[in-house]
1. If you check every pair at least six apart or on different chains, which have Cβ atoms under 6 Å apart with a residue in the range 215-240 that is crowded, with 23+ Cβ neighbours inside 10 Å first and a residue that is at pLDDT 95 or above and basic (Lys, Arg) second?
2. Tell me, which residue of the range 188-213 that is more than 20 Å from Ser269 (Cβ to Cβ) and not hydrophobic (A, V, I, L, M, F, W, C) is nearest to ligand 1 (Cβ to nearest atom)?
3. Looking at the structure I just gave you, is Thr155 within 16 Å of ligand 3 (Cβ to nearest atom) and either at pLDDT 95 or above or in contact with a Lys or Arg (Cβ under 9 Å, 6 or more places away or on another chain) (or both)?
4. What number of residues within the range 247-306 satisfy the criterion of being touching a His at 6+ places or on another chain (Cβ under 6 Å), more than 18 Å from Ser20 (Cβ to Cβ) and not hydrophobic (A, V, I, L, M, F, W, C)?
5. Return the residues of the range 136-169 that are over 13 Å from Val192 (Cα atoms) and aliphatic (A, V, I, L, M); say none if nothing qualifies.
6. Hey, Asn158 hits all of (1) polar (S, T, N, Q); (2) closer than 18 Å to Met90 by Cβ; (3) surrounded by fewer than 22 Cβ atoms within 10 Å (Cβ to Cβ) but one; which does it fall short on?
7. Collect the residues in the range 165-211 that are within 13 Å of ligand 3 (Cβ to nearest atom) and of a type in the set (Phe, Trp, Tyr), keeping them in residue-number order.
8. Which numbered condition trips up Ala99, out of (1) within 21 Å of Arg176 (Cα to Cα); (2) small (Gly, Ala, Ser); (3) crowded, with 24+ Cβ neighbours inside 10 Å?
Amino acid sequence: MTSYPKPALRHDWQAPEISSILDLPLPELLFRAQAVHRVFHNPAEVQGCSLLSIKTGGCPEDCAYCPQSAHYKTDVQSAGLMSVAETLRMAETAHGNGATRFCMGAAWRDAPEGEEFEQVVEMVRGVRRLGMEACCTLGMLTQRQADQLAEAGLTAYNHNLDTSPEFYGEIITTRRYEERLETLERVRQAGVTVCCGGIIGMGESRQDRVGLLRELANQKPHPESVPINMLVSVEGTPLANQKQADHLELVRMIGAARILMPASMVRLSAGRLSMSDEAQALCFVAGANSVFMGDRLLTTPNPEMDRDRQLLDKLGMRLMEEPVTAAPHGSALIENSTVATANHG
Ligand code: SAM
Ligand code: DTB
Ligand code: SF4
């Protein structure tokens, strides 16, 4: 990788400046995103992550995009917490297929106490023992739970802000934006890296996307991982008939995230199944450096692994061979010596 001087990370982004980035002529936006991307990352590589729904459906929250909410009638089959053994089998397979990060998602409003939580902690230990990054998304956490996950070696906790504070109430009424921020704070406090991003295509304006980017980019440190999802509209949810966002809007969102949070992993997350190879290529040009691999996200389909291999081949790109994000300090696990501490000031 060519070395360039690293620009300082900023945490004082204001809406008009973010707006002017998001509105740049696309070639200029891509040029600026590319310039910072290659200072912090290898532009030929993306990280392969694998997602598993360890507890599916029946969620008491009313997130309008989500097929797992108990408020809507969708085709999702609810399922209780998966066993540790089965989860680890899935993680091992994903590892064998080239994923270096394993993300476990549960349709909970908040992580439960007791046996179920202990089971998740065991999953985290097991995934880390495989030499993969471990990420969980379990809803809200108490400080004690965050600390326990950190101790087990959890690499990252995913908790999305989803959209701007202003638009949030149109999408979710059963919890407040501030509650999301509080859980993120606990995750930080525990020393676990933060995975936090959002969704485009829910009917929000560009100004709402600016609002989300401002919330993300002014966190100190920046979230080490920023998933950008395109709404996967699911029959039965209030957003079932939402018109799909233009893929170029996704490219812009990724490019802006890359410029604002240059050292973070920007993840091209849900929504790839409906995208052409060319649209995905533009997302990588804009600075996305991670994808979910495997034919299923949590409950919705994702491109087949072979298709992704062909795509990366065609683009002359490759999957990262090693994990990129270090585990929390003080965790019971000894870090793989090749793992660099990601981030940040
Ligand atoms: N219940 C936990 C929570 O909400 O934090 C974890 C699971 S939840 C499914 C994780 C994230 O997936 C959500 O925050 C949302 O950003 C994303 N997501 C859920 N449904 C989606 C959809 N239909 N399209 C795109 N992203 C979606
Ligand atoms: C994130 O931002 N996207 C992933 C992960 N974090 C947990 C989830 C996408 C879910 C898409 C809808 C589904 O498959 O249920
Ligand atoms: Fe529940 Fe998470 Fe789905 Fe919201 S996004 S309904 S919290 S599973």
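1. What qualifies is Pro227/Arg267.
2. Among those that are more than 20 Å from Ser269 (Cβ to Cβ) and not hydrophobic (A, V, I, L, M, F, W, C), it is Arg188.
3. Values: within 16 Å of ligand 3 (Cβ to nearest atom): no; either at pLDDT 95 or above or in contact with a Lys or Arg (Cβ under 9 Å, 6 or more places away or on another chain) (or both): yes.
Against the criterion (within 16 Å of ligand 3 (Cβ to nearest atom) and either at pLDDT 95 or above or in contact with a Lys or Arg (Cβ under 9 Å, 6 or more places away or on another chain) (or both)), Thr155 does not qualify.
4. Of the residues in that region, 2 qualify.
5. Selection gives Leu138, Met140, Leu161.
6. All conditions pass for Asn158, except number (3).
7. If the condition is that a residue be within 13 Å of ligand 3 (Cβ to nearest atom) and of a type in the set (Phe, Trp, Tyr), then Tyr168 is the only one that fits.
8. (1)
The values are calculated or read from the model by the stated rules, or taken from the named source; none is laboratory data. Everything numeric here is computed off the predicted structure, so don't read it as measured data. Reconstructed Cβ throughout: ideal geometry from the backbone, glycine too, with neighbour counts over all protein chains shown.
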